[in-house]
Amino acid sequence: MGFHYNRRAAIFEALNSKHRETNMPLTHVALRAGKPEAYRQAIFDGLYRAMRESFNVPEDDQFMTVTEHEAANFRYSANYLGIERTGDLVLIQITVSNTRTVDQKKALYGRIAELLAESPGIRPQDIFVSLVEVAKENWSFGNGLAQYA
């Protein structure tokens, strides 16, 4: 069994070596409860497109979740830094490998705001993005392997 597992791991590593430098993201979105499925899917689509365009995320590299919160469980500052936020605020946390430049990050923030304003129609003031950068060896995509280490 060990030989079969090691051979499978080696094949997996060879097939996925092209993704070693693309460093996929893990994305969590939090918003107030009550938005329709189409709204939530438009957020996924816009985020994925922005990451593909700004961060060179590979095709079919989508690891995203949405959590919905009742008003009592969703607190934010309505005017922090002079930005007027509403109950339509969307909190987006993207975990990525620490390989992107400041210019790539700025491009991502701008593209997310543009795309989510287009669909599903979120005001740019209601789009809050946080990047969490980690070392490449801090990822395991399955099989108990550190694919980027």
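The values are calculated or read from the model by the stated rules, or taken from the named source; none is laboratory data. Predicted model, so just to flag it, every value in this text is computed and none were measured. Cβ: placed from backbone, ideal geometry, glycine included. Neighbour counts: every protein chain shown.
When the residues of region 94-149 are narrowed to those that are in contact (Cβ under 8 Å) with a residue 60 or more places away in the chain, outside any strand (DSSP E or B) and of a type in the set (Ser, Thr, Tyr), which ends up nearest to Ser54 (Cα to Cα)? Among those that are in contact (Cβ under 8 Å) with a residue 60 or more places away in the chain, outside any strand (DSSP E or B) and of a type in the set (Ser, Thr, Tyr), it is Thr99. Within region 67-76, the set of residues being surrounded by fewer than 10 Cβ atoms within 10 Å (Cβ to Cβ) and either modelled with pLDDT under 95 or over 20 Å from Glu37 (Cα atoms) (or both) comprises Ala72, Arg75.
Would you check if there is a residue in region 130-138 being farther than 17 Å from Thr27 by Cα, at pLDDT below 95 and surrounded by 16 or more Cβ atoms within 10 Å (Cβ to Cβ)? No, there is no match, as no residue in region 130-138 is farther than 17 Å from Thr27 by Cα, at pLDDT below 95 and surrounded by 16 or more Cβ atoms within 10 Å (Cβ to Cβ). Among the residues of region 27-47, is there at least one that is outside any helix (DSSP H, G or I), under 18 Å from Ser130 (Cα atoms) and without any contact (Cβ under 8 Å) to a residue 60 or more places away in the chain? For region 27-47, residues outside any helix (DSSP H, G or I), under 18 Å from Ser130 (Cα atoms) and without any contact (Cβ under 8 Å) to a residue 60 or more places away in the chain: present. I'd like to check something: does region 82-93 contain any residue that is acidic (Asp, Glu), exposed (fewer than 12 other Cβ atoms within 10 Å of the Cβ) and part of a loop (DSSP other than H, G, I, E, B)? Yes, region 82-93 has at least one match.
Within region 61-90, restricting attention to residues that are over 30 Å from Ala149 (Cβ atoms) and hydrophobic (A, V, I, L, M, F, W, C), the residue that is nearest to the chain's Cα centre (by Cα) is Val90.
If we keep just the residues of region 30-54 that are out of contact with any Ser or Thr (no Cβ under 7 Å at 6 or more places or on another chain) and hydrophobic (A, V, I, L, M, F, W, C), which is surrounded by the fewest Cβ atoms within 10 Å (Cβ to Cβ)? Once the filter is applied, the top-ranked residue is Ala38. Would it be correct to say that Val57 is modelled with pLDDT of 95 or more and surrounded by 16 or more Cβ atoms within 10 Å (Cβ to Cβ)? Here the answer is no, as Val57 does not meet what is asked.
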